[in-house]
Structures are given as structure tokens and as C-alpha cells.
Amino acid sequence: TTDPRWGQSREPRDLESPEYEGHPSGEEHSPPQTGWRQRFENLWVTRQMAEGTDDKTFEIQLSLKELIIYVLFLIVFNIVALGMMSITYYYYTKVLMGLFVENSFQVSVPCVFTAWRDIKTMADFWKYVESPLIDGLFWDVWYNDQAITSEEDRNILYENRMLGIPRMRQVKVRNNSCTVHDEFRRTFSTCYDYFSSSSEDTEPFGLGTGTAWTYSSPETLDTSSYWGWLGTYGGGGFYQDFSIYSKETLEKIKTLKENLWITRGTRAVFIDFTLYNTNINLFCIIKLTVEFPPTGGAMPTWDFLTLRLLSYQSKYDYFIFACEILFICFIIFFTLEEVREIIHFKFQYIRSFWNVLDLIIITLSYACIIFNIFQFVKLSDVLQGLLKQKTTFANFDHLGRLQVDYNNMEAIALFFAWVKIFKFISFNKTMSQLSNTLSRCAWDIAGFSVMFFIVFCAFAQLSYLLFGSQLERFSTFINAMFTLLRILLADFDYDAIERANRVLGPLFFVTYIFFVFFVLLNMFLAIINDTYSEVKSEISSRRDFEVSDFLWRGVTNAFHKLGYGHKLARDDGPRQDGRITFREIRDTLRKCNFSELEIEMFFAKYDIDPDQVVGEVETRKMLADIEGRKFDTESSAHPKTAPEVTQQEFTVLEGRVERMEESISATIDKIELILAQLEKMAKSQNRNRP
């Protein structure tokens, strides 16, 4: 590598080397360039690679370059990720949920109405399929009861076309899939367990012919498994495809119901169909699921997956496409940067948190890019094949899952991309307070976390055993843990806890609030607060050359070139020319507890040349005045004959002032103590007088 700042061993070179000679004092150094190849290589020099140099200006230049590039990347990434999302997705899902989930129907009991979300029995399920489901799927008349004659107008809610036909599928478990206790074997001869792949029933039943009564494998149906509330169900089973006409569909449902298609071994029934709205170019993949647990009853759930599978239809879509091209270019650029850092740091590269975060973002980004390419090349052909199946079931299951996986990866990548902003703003000492605080108290928090985890798990197990059989929030150990976390956020139902156990319920609640909320939580906040105070005090007493200084000097020097103001000298390290900057003097006086008014008076008295720098003449005048000597103005014109004041001498003087101030402070404390004692003696004498 021929970078001017690193030799073959890639160690930072001294800025005082002959390579940098010739730069006048007070002028900015910039890395020398040796042609287009060197400029191309310098493009991938990162701040992390330049941290060993003494040139803070060069580090800040690299930080600003990285920050500007990354902000542009983040803007493009947000446009790509959020550009296709809109509130229309929510409205579309809400309308369809109102039609298929919240639409009420009358059950077996007179004058009692329920909805899909409130189904409790098998009879309620058949009532729903025969009435609200059929009415929602087939719109054969207008709102004035006039028949719809055009096939194109037979859309759900008049706007949503059903792709293919719906399908109803069930999975079953075989008899004797569980073991009956010895005491009840004479009474019970059947036993149906929870669903599992080993207990799944694949034997024909009922009429014995047709897909509704014979088993079909997941490979035949090309359906993925489904994760429900009570278990994970396979993609096979017994299925019945509906018709494109409502009357034929009602006949098929009637046949299934009369021949007991749902049995005691049925563990879940799925109703799948897909809708498309051409007005907003959105698909909605709908799955209505009802689980029949071994306890009896029914547990309905639903999934409405709203997606945009067809892209690049409007001018705005092509703008998003252009941003996607820019996104790919940024990812390639960052990949080359990371490759160069890996070559530079070798095995030390993986020890940095920010490097690991970069790898995660780049990996997820490449996964999103690959899916986008697949969607652009293959998805149109797949959709064309599905849309041609007007009288068969259109299986959008795999496309929907791929889109969900893509959305998840994109969301996680965008989240980490925003977190990475801290890498750049941490160069400023004020912005670095968060990272410094967390890194410094990490071990304390780790030790506290062990203690908190022990206490928290103890309360979680206690609540699970006490209330698990009566309260849904404590029905599982995981639910109990999340419920206890919600209690810390004041989200709890105390009355339900008291009803579940009138004695131990209130006792559990009070002890949990006391130990976890009042004790442990405040200990956690105290750890962070103490560390933050230490970090803040250290940062306030430390003087570093920051991005704000660099920008301020650049702006001021730019105005100086235009004829306004004075030029500011470099302030990124100790000066070697006997000159002292305003900032160095101000920081020194602040350490000595001088007020801002006193500092301004100090500057007004001694700063003779208004160049933002105190030169040798001004320095000698200040020292002479402090030591009580008369300053010779004649010798100020000949600085060569006067003794020079070095940085070391100035540092010694600063130490003397600090020690003198400490002595004065100690003397004042003793005087105050003596005065307090004298005042006590005077009061006691006044009391003793008759």
C-alpha cells in the first residue's frame, strides 16, 4: 500500500517527517496526493485506520467525509424501505378484517350474535361458514338487490377481485395418540392428543373419496407449515376447494357438515384465499384459522397479509427504482471499505462493535438486494401462472412468506443503520456521553443483571404457579415474565390477581412492587446515573479538537479570505512556536476557577495583537506583570534578545497558580472554622450572663 500516511507496515508516520515539511505554521496539512491512483486509494481510507496519527485535522476530515456519505446512504435507504409503505395498507387490511372477522352472525341460541373472533364451538364455526363467509366471498347483487350481470363487477366490496377460488383445509390426529390412565381405560376407549407430526392422521375417513376425505401431503399441496397458538401444524391434510359460484359452494359446505367432516380428531381448520385491488395495486393474502384443542371448544385466529407484489407501475415507482440502484452502489462502496479495513486490521477487525455492525448491515442489505432481483425477474412469471388459475386455488403462500422475510430483513437492516449514526457523532465529546457511559458501566450492569434475573425469575415462577390456571396473562412461564415486565410499566389488573388468590395474590403484588420496582429498578438507575456523572465531569474538563472547532475555523478563515475578520490558526495540538491560542489560555483559567468576566478582562488587558493568538511578546508581558517586574517595551520590538517562554515554562506557571489557589482555599476554610468557633463561644457567653 502506497498511502502517504502509512508505510509498508501500515503504521502511522510522524507528521514532523520531511514529507510534511514546507507547510507554514498555522496552515492546514492535507495528505499529499501522488496521482489518480493514490486519490482512488485514499477514497477508502477510514477514520478508524487513521486513528494512530497525530494530525487531528486529517481525522476530522475523514470523519466528515464518512458522515456525509453515510447520511446520503441513510436517506436513500429510508426512501427505498419506506417509499412503498403507506397508510393505505392499514386501511385495506382494516376494511377486510371488518368484513370477515368482525361481521356478526346469529348462533344457535336465539337473539345471540357473534363474530369470527368470538367463535366457541364447532357449531359456531359452521354457522359462520354458511352465512358471513359466503356473503363476504360472493357479491352477486348490488346494494339495491339488483343482480350483477357483468362478471367483471362481481368483486368483494365491489372493488376487490378474488384470485382463483378459496380453499378449506383441516389437519387431524389419530385415535389413541395419547395414553388413557389405567383408572379410566374401561370408561374411555378413545384419546386424541395435541397435534404433532407423529400423531397426525393420514387415513381416509367419512365418504372415503375426494380430497376432502383423503389425505394430501404437504408436497402435493405445496403449502408451508403454520405456527398457531396451540401448536405448529403441517402443510398437508384434508381439503375442499370452493367454487366460483355461491350456490355450488353452499352445496359443498352442506355435504361436509352433514357427513361430519370436522371430528373429535380435528385440531385446526384453515380457510385460505387471496384478493387483489387494482385501484391501489395491493394484494391481501387471508388465512382464517380455528384451532380445536383437546379440551374442547374453539380458538379462532386470523392473518391478513397486505403486500405490493407488482412494482414499477408509476413515475414514483421508477423514482424508487433509481434509489434502489443508488442503494446498491452504496453497499458496494461500503463493502470495499470493509474489505480494506479487514486487510489493514486482520484479526483485530472483529473486536470492534462497529465493524460487526457494519457486517450485519451489509449482509442483510445483500439479502434484500438478491430478493429484489428475484422479484423483478421471476415474480411476474409466477404471478402470471397463478392469475391464469381462475377455477382452481391460487396458492400465494410462498410468495407471501418470501415478502414477509424480505420486510423483516429490511426493517432490521434499517434499524441497525440508524444505530450506526452513533459511530460518527461519537467523535464529538458531547455526543459520546451515551456510548462512554454504557461502555464504562457495562460490567456493573452485567453484575446487576445476574441479581435482577434471579429475583425476576423467582417472581415469574411464583406467579405462574399461583395464577397460571386462572389468568391468561400467567398461563405460561413466558407469558408470566412478560406480564411482570408490564407491571413495571404500570400495566396490570390487580383485581384479577386478587380474585385468582385472595391471600397470596395481594402479598405477591406488594412484595414484587417493593423489591423489583422500588429497590432493583432504582439500583439500576443509580448505576447509570453515577457513571454518567463521572463521564460528564471528565468530558467537561477535557479539551479535544472537535468537529465544531474544525468547522468554525474553516468558516472563519473563509470569511478572512473575503476580507472579513481574522484568520484562526490550527488548534489541534500543542504549538511549537512559542505562541498560545485563546482557547488554551481560556481552558487553563477555567481550571483555576476564573469566572468568564475575569477571563474576558484578562484577554482585554494582555492581548495586544487581535490575531486570536498570544505571541511571545504578549506572553513575556503577562509573566513580567504577574511577577511584579517592569515590562520593557523597547525589547518587545526585538524578541530575539529577550528570553523565550516555552510551553514547559507556561505549564510550570500553571501548576504554581493551581497550588497557590489550593493553599488559599485551605486557608479560607480554616478561617471560616475559627470564625464559627468564635461565634459559638460568644453565644455561650451571652447565655451565661445573669
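Here are some notes:
- Filtering the range 143-167 to residues that are at pLDDT 80 or above, assigned to a loop (DSSP other than H, G, I, E, B) and of a type outside the set (Asp, Glu) leaves TYR143, ASN144, GLN146, ASN155, LEU157, TYR158.
- Scanning the range 117-141 for residues that are buried (at least 18 other Cβ atoms within 10 Å of the Cβ) and farther than 20 Å from LYS252 by Cβ turns up just one, ILE119.
- When the criteria are applied in full, SER177 meets the requirement of being modelled with pLDDT under 90, assigned to a loop (DSSP other than H, G, I, E, B) and under 22 Å from GLY235 (Cα atoms).
- Remark: THR179 falls outside the filter, which requires a residue to be touching a strand residue (DSSP E or B) at 6+ places or on another chain (Cβ under 8 Å) and farther than 21 Å from GLY98 by Cα.
- The lone criterion from (1) at pLDDT 90 or above; (2) closer than 24 Å to TYR89 by Cβ; (3) of a type outside the set (Phe, Trp, Tyr) left unmet by ALA298 is number (2).
- Selection count where residues are in a loop (DSSP other than H, G, I, E, B) and exposed (fewer than 12 other Cβ atoms within 10 Å of the Cβ), scope the range 372-389: 2
- Test: residue in the range 190-213 that is among the acidic types (Asp, Glu), more than 30 Å from PHE283 (Cβ to Cβ) and in contact (Cβ under 8 Å) with a residue 60 or more places away in the chain: yes
- Any hit, the range 197-220, residues being in the same structural domain as GLU291 (by TED's automatic domain parsing), at pLDDT 90 or above, among the aliphatic types (A, V, I, L, M) and closer than 30 Å to GLU102 by Cβ: yes
- Any chance PHE422 is surrounded by 12 or more Cβ atoms within 10 Å (Cβ to Cβ) and of a type in the set (Phe, Trp, Tyr): yes
- Residue match in the range 156-171 (condition: free of Cβ contacts under 8 Å to residues at least 24 places away in the same chain, touching an Asp or Glu at 6+ places or on another chain (Cβ under 7 Å) and within 26 Å of CYS284 (Cα to Cα)): no
- Failed criterion for PHE453 (all others in (1) loosely packed, with under 13 Cβ neighbours inside 10 Å; (2) in contact with an Asp or Glu (Cβ under 9 Å, 6 or more places away or on another chain); (3) in the same structural domain as PHE517 (by TED's automatic domain parsing) hold): (2)
- When MET84, MET122 are screened for being in contact (Cβ under 8 Å) with a residue 40 or more places away in the chain and in contact with a Phe, Trp or Tyr (Cβ under 8 Å, 6 or more places away or on another chain), only MET122 passes.
- Selection count where residues are crowded, with 20+ Cβ neighbours inside 10 Å and more than 21 Å from ASP153 (Cα to Cα), scope the range 263-285: 8
The values are calculated or read from the model by the stated rules, or taken from the named source; none is laboratory data. On a predicted model such as this, the values are computed, not experimentally measured, just so you know. Neighbour counts run over all protein chains shown; Cβ positions are idealised from the backbone, glycine included.
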